[in-house]
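Read the figures in this text as sums done on the coordinates, not as results from a lab. Only a predicted model underlies this, so the values are computations on that prediction, with no experimental measurement involved. Note that we place each Cβ from the backbone using ideal geometry, even for glycine, and neighbour counts take in every protein chain shown.
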Amino acid sequence: MAEDSALLLDDLERDALSELVNIGVSRAAAALRSMVVDEVLLSVPSVSVVSRAEASRLIREYETGRLVAVHQSFRGDLKGRALLIFPETNSLELVRAVTGGDLPLEDIVDLEQEALSETGNIILNGCLGTIANMLHRSLHVSLPEILRGSSEQLLDSNGATDEDAAVLFLFINFTLRNRAVRGYIALLMDLPGLQALRTLLRLYIERMSDGTEAVHVEP
Amino acid sequence: MAYKVLVVDDSKLARMAVAKILRSLQPDWTPVEAANAEEAVAALAAAKPDVALLDFNMPGKDGLSLAADIHAAHPGMPVAVVSANIQTEIAVRARAAGAVFLAKPLTEQALGQFLEGARVQLARD
């Protein structure tokens, strides 16, 4: 696990990142609310720099069974991966929620892949897109793909990176008030990506603190 | 006047959701579905829709390119790009391609406003 202080965020940067994540996730939650017509209850986002192995362990503290996830990678000024994760035993309940509850079970099973994909696409784009907008940058977000397995398998989908390498790990869990649906949003960024993020966070902090965010007036 | 609405999205669920909202807003209008840009082009020729709703992020040609093509070939057709990708850049590019940008998930209110604008535009032309 990397504990290099040059790569960790300072308090103000950490605050700014939490703020961005909060706003991004709230946007995503509003979108989900609209799709499931139910209140979405969000945890406080946790932000940490850990190894990928540790990130998998953190997820496993919440869910010990098999998981299904919508995965989208993003690149551009920031690079990383975003996942919307559900316990596999629960996924049909989500599908039922987003299809409005008036479809027969066989249609729900047929649509599971699609419904998860589309839901994930909306939530992850909502979160990433909002963060990108606030940082005044743009991201290319990949098409959603469905992954199944353990938390280790979900976080290591391309097998290319070292599981001991440090990542910025953002993790939020949510439930629906009136349905037995619970899920997780996870964002991971490799440390080179974290450097780019620090730069953008500093620019964001400057804009927020000198009050020029809304309007730029030429002298 | 009953219009035909081309709905282009690789997600069947998304097409279902749009068709459902369309049915409740304008029960006499007909959705024409296509899963990608290629099918959309075929549907434009065969069904001659009056309005188009295009998903942005699809395999193959994306919705923004398709919007630009439609705008060139059918300049009077009201077109909306519908996307989960709510980044500013996408909305700006949609407008540059002569289309309205609508965020996913599509609400009755958002689609209703767009369809009302489309109806007025089509009645005028």
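Report P(r) for chain B: all Cα-Cα distances, bin width 10 Å, range 0 to the bin holding the largest distance, values in whole percent.
14, 52, 32, 2
Exposure proxy check: A:102, A:162 ranked by fewest other beta carbons within 10 Å?
Result, fewest neighbours first: A:102, A:162.
Would you please calculate the Kirkwood hydrodynamic radius of the protein assembly as shown over all C-alpha pairs and express it in Å, rounded to one decimal?
21.3 Å
Explain nothing, just compute: Karplus ³J(HN,Hα) = 6.51 cos²θ - 1.76 cosθ + 1.60, θ = phi - 60°, for every residue of the stretch A:171-182 in order, whole Hz, x for Gly and Pro.
9, 10, 10, 9, 9, 9, 5, 10, 9, 7, 10, 9
Springs between alpha-carbon atoms under 10 Å, Gaussian network over chain A: tell me which of A:151, A:51, A:43 tops the mean-square fluctuations.
Fluctuation is largest for A:43.
Add -39500 (n - 2.57) for each DSSP H run of 4 or more in chain A, then divide by its residues: what number comes out at 222 nm, to the nearest 500 deg cm²/dmol?
Taking each H run of at least 4 residues, the total per residue is -15500 deg cm²/dmol.
I want to verify the translational diffusion coefficient of the stretch A:68-197 in µm²/s; compute it with Stokes-Einstein, Rh as the Kirkwood radius over Cα pairs, at 10 °C and 1.306 mPa s.
D, rounded to a whole number, is 102 µm²/s.
Angle between the Cα long axis of helix A:191-210 and the longest principal axis of chain A, 0 to 90 degrees, nearest 10?
Orientation of helix A:191-210: about 70 degrees from the principal axis.
If each residue's Cβ is checked for other Cβ atoms within 10 Å, how do A:208, A:189 rank with the fewest at the top?
A:208, A:189
Can you list, bin by bin at 5 Å, the percent of alpha carbon pairs in the stretch A:1-117, starting at 0?
The distribution over the stretch A:1-117 is 2, 9, 14, 19, 21, 15, 10, 6, 3, 1, 0, given as percents.
Please report the net charge: other residues with Cβ closer than 15 Å to the Cβ of residue A:150, K and R +1, D and E -1.
-2
Can you tally the net charge around residue B:9? Count Lys and Arg as +1, Asp and Glu as -1, for every other residue whose Cβ sits under 15 Å from the Cβ of residue B:9.
Here the count lands on -3.
So what J values fall out for the stretch B:103-108 if you push phi through Karplus, 6.51 cos²θ - 1.76 cosθ + 1.60 with θ = phi - 60°, rounded to Hz, Gly and Pro as x?
Running phi through 6.51 cos²θ - 1.76 cosθ + 1.60 with θ = phi - 60° gives 7, 8, x, 6, 9, 4 Hz.
Taking other Cβ within 10 Å of each residue's Cβ, how do A:21, A:50 sort, fewest first?
Lowest to highest Cβ neighbour count: A:50, A:21.
Across the stretch B:115-125, in residue order, what do the Karplus-derived ³J(HN,Hα) couplings come to in whole Hz, using 6.51 cos²θ - 1.76 cosθ + 1.60 with θ = phi - 60° and x for Gly and Pro?
5, 5, x, 5, 4, 4, 4, 5, 5, 6, 6
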